[in-house]
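This report refers to the structure that appears directly beneath it.
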Amino acid sequence: MLFAILLSLPVQAEWTLNNDGSSLSFVSTKAINTAEVHKFLTLEGSIDAAGKVQVSIALASLDTGIELRDERMGEMLFETGKFEAATMTASVDAEMLNGLAPGDSKGVTVDGELALHGEAAEMSFDVLVVRTGESQLMVISERPVVVNAQRFRLTQGLDKLREIAGLPSIGTAVPVSFILSFDLQ
């Protein structure tokens with residue numbers, strides 16, 4: 001009987017991000033009215049047993065659909081030679097995650113920090129957490145997170161891109177959306 005009680009207690013789970021089931025995209029705006037969707041192809045991350053979340057975005061994995069633009073954005077904007085990744089860290093309620101049964105979902109606000117281009121800023125993320133199976137969890141942005149280029153000292157790079165492309169403007173506020181898939185370890 002004691003064995004059955006111990007088995008029914010919540011297990012502290014650790015989760016690993018599944019890159020193939022995840023996506024992170026953002027919208028850039030140029031020449032005032034032209035918006036384009038871009039994505040990063042390589043994400044890594046985890047949620048540990050205490051609820052500490054870490055997601056790393058490989059900046060060189062940028063995919064805009066145009067190889068030359070990918071290279072220019074990597075070199076001039078993100079400076080991938082100096083800054084390989086952007087990192088989001090946060091803490092979530094581990095009991096809430098472990099308490100979700102397959103098919104359950106819960107909307108939560110997660111406070112965290114985004115580190116990008118040598119700068120860090122506190123941010124809030126409104127997400128929907130969905131337990132998609134016994135050993136799968138998805139975290140989906142309920143609304144885009146707006147990243148301001150000025151906060152992360154990216155405006156000089158934007159100016160270089162604007163000049164080389166001959167554009168009148170490139171927007172500095174960028175909406176970011178994501179679907180993060182995690183597997184139970």
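Points worth noting:
- Scanning region 88-109 for residues that are under 15 Å from the mean Cα position of the chain (by Cα) and surrounded by fewer than 16 Cβ atoms within 10 Å (Cβ to Cβ) turns up T89, S91, T109.
- From the options I47, I57, I5, I66, residue that is at pLDDT below 95 and either buried (at least 17 other Cβ atoms within 10 Å of the Cβ) or among the β-branched types (V, I, T) (or both): I5
- Meets criteria (assigned to a helix (DSSP H, G or I), of a type in the set (G, A, S) and surrounded by 13 or more Cβ atoms within 10 Å (Cβ to Cβ)) for G112: no
- Residues of region 134-150 satisfying the condition of being of a type in the set (S, T, N, Q), exposed (fewer than 15 other Cβ atoms within 10 Å of the Cβ) and part of a strand (DSSP E or B): N148
- Qualifying residue in region 16-25 (condition: modelled with pLDDT of 95 or more, surrounded by 14 or more Cβ atoms within 10 Å (Cβ to Cβ), among the hydrophobic types (A, V, I, L, M, F, W, C) and under 17 Å from the mean Cα position of the chain (by Cα)): yes
The values are calculated or read from the model by the stated rules, or taken from the named source; none is laboratory data. Since this is a predicted model, take the numbers as computed values, not measurements. Cβ atoms come from the backbone with ideal geometry, glycine included; neighbour counts cover every protein chain shown.
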